[in-house]
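First comes the structure, then the notes that go with it.
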Amino acid sequence: MRQTRLLQADPAGIAEAARLLLEGELVAFGTETVYGLGADATNDRAVAAIFQAKGRPHFNPLICHYPDADAVFAHVEADDRARALAAAFWPGPLTLVLPRRADCPVALLAGAGLETLAVRVPDRAAALALLRAVGRPVAAPSANRSGQVSPTTAAHVLDGLGGRIAAVLDCGVCEVGLESSVLDLAGGTPVLLRPGGLTRERIEAVVGRVGAGITPAQVEAARGLRSPGLLVSHYAPSLPVRLEAHQVADDEALLAFGLPLSGAAVTFQLSAGGDLGEAAARLFAGLRWLDAEGGRLGMRGIAVMPVPDQDLGVAINDRLQRAAAPRSASIPPAAAIPPAAATGPGATSA
Ligand code: TXA
Ligand code: MG
């Protein structure tokens, strides 16, 4: 095990993080959505190391991060819709899936060998400064072990990946708290592959109708085909999660939204006033906290109060359904993935 350094997001810390990335090291950094586990996207070995550190199945493609839209569109083919969305929402919590340009220098492993690439410009000053300093795209999935809840603080990152990566750039708390919305623009009608920090309504206001989102149940049915990263239990705490709770038992931990149900031994309030933005920002921290506290107190599970399925509630419910999905029905725990599979053939040949 190596020591993972905690770097402050000041000019010296950002310069050091950039230096490490250019040397092929892994550095986690905060964005407005969640912390990303960054690697130089043009370096096959560095990208392979991401999969290894996360214990992620190798077929899952990663998002490449850029400091601005011009840098993005030098690597992928943009049409009018992509340019309009970029103008409206970048920097921000929107990832676009677009065809790679023929001369795109991003490692094939980062895109899992697909002809498309997922790209975005994060809305966080320190992250943008880091991307500018690196001068290359940075591939970054959420900075958690595969199958765990995404991190929204530097401490969360260290919980899961401490000792496995070179450094974490401490960018404070992620204000959106949910991953970006992933929109596929590589086909005819745009398709929302993953609901996230930007609502469907706001996307549709720019590009018109967006194809049906994929629910966790549909993903389970068509697992791995279109967007292999969308495995159902992608965001799972270790305590079982029960959704749509209208009552809570005294041996359950409660994730509350609005006026809390009475009777729970331990409660985490997403938003007392029923604000979906506040609830989104607090969701992953709440799941982590209840998992730890509930586990410590011997609770048998986490009960989740209903969250309205509108606006950011759509993305919140998507993550909650994944958190509630049975582990056995999706990916094996990291420890069960043999080293070769955890790294993938692309990694050893890189
Ligand atoms: O907010 C976010 O998006 C965070 C921060 C760090 O930027 N990143 C993140 O990355 O959530 P990750 O790797 O956990 O999720 C990437 C998602 C996966 O669902 C993956 O399947 C999908 O994007 N994806 C990536 N490339 C794709 C492609 N070429 N076609 C379809 N889906 C793709
Ligand atoms: Mg993730």
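Each value in this text was obtained by applying a stated rule to the coordinates, not by laboratory testing. Model, not experiment: these values are computed from the prediction. Cβ: placed from backbone, ideal geometry, glycine included. Neighbour counts: every protein chain shown.
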On Cα atoms only, tilt of 80-89 relative to the major axis of the chain in degrees: 60 degrees
Test item: Cα-centred dipole of the chain, Lys/Arg +1 and Asp/Glu -1 on Cβ, debye: 780 debye
The stretch 105-128 versus the stretch 1-60: alpha-carbon centroid distance in Å: 13 Å
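As a footprinting exposure proxy, order Glu204, Glu115 by other Cβ within 10 Å, with the fewest listed first.
With the fewest neighbours first, Glu204, Glu115 line up as Glu115, Glu204.
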Neighbourhood charge, 13 Å Cβ-Cβ cut-off, centred on Val248 and excluding it, Lys, Arg +1 and Asp, Glu -1: -2
Cα-based radius of gyration of the chain once divided by 2.2 N^0.38 Å, which approximates compact folds: 0.94
Virtual spin-label span in nm between Ala12 and Gln247, 7 Å along Cα→Cβ: 6.0 nm
Check: the stretch 1-70 dipole with +1 on Lys, Arg Cβ and -1 on Asp, Glu Cβ, in debye: 440 debye
For Ala245, residues with placed amide H under 5 Å, excluding near neighbours: Val304, Met305
Listed residues Val47, Gly36, Trp90: farthest to the positive end of the dipole of the chain (Cβ charges): Val47
Dipole axis of the chain (+1 Lys, Arg; -1 Asp, Glu on Cβ), positive-most option in Val207, Val173, Ala143: Ala143
For the stretch 128-208, with +1 on Lys and Arg beta carbons and -1 on Asp and Glu, the positive-most of Val182, Val134, Leu158 along the dipole: Val134
The stretch 11-24 - phi-based ³J(HN,Hα) in whole Hz, Karplus 6.51/-1.76/1.60, Gly and Pro as x: x, 5, x, 5, 5, 5, 4, 5, 4, 4, 4, 5, 7, x
Residues Glu201 and Val173, FRET efficiency given R0 of 30 Å [Cβ-Cβ distance, rounded to 0.05]: 0.70
Residues whose placed amide H lies under 5 Å from that of Ala236, excluding near-sequence neighbours: Gln148, Val149
Residues with amide H under 5 Å from that of Leu254, placed H, sequence gap 5 or more: Val266, Thr267, Phe268, Ala303
FRET E, pair Ala84, Trp289, Förster distance 56 Å, beta-carbon r, rounded to 0.05: 0.90
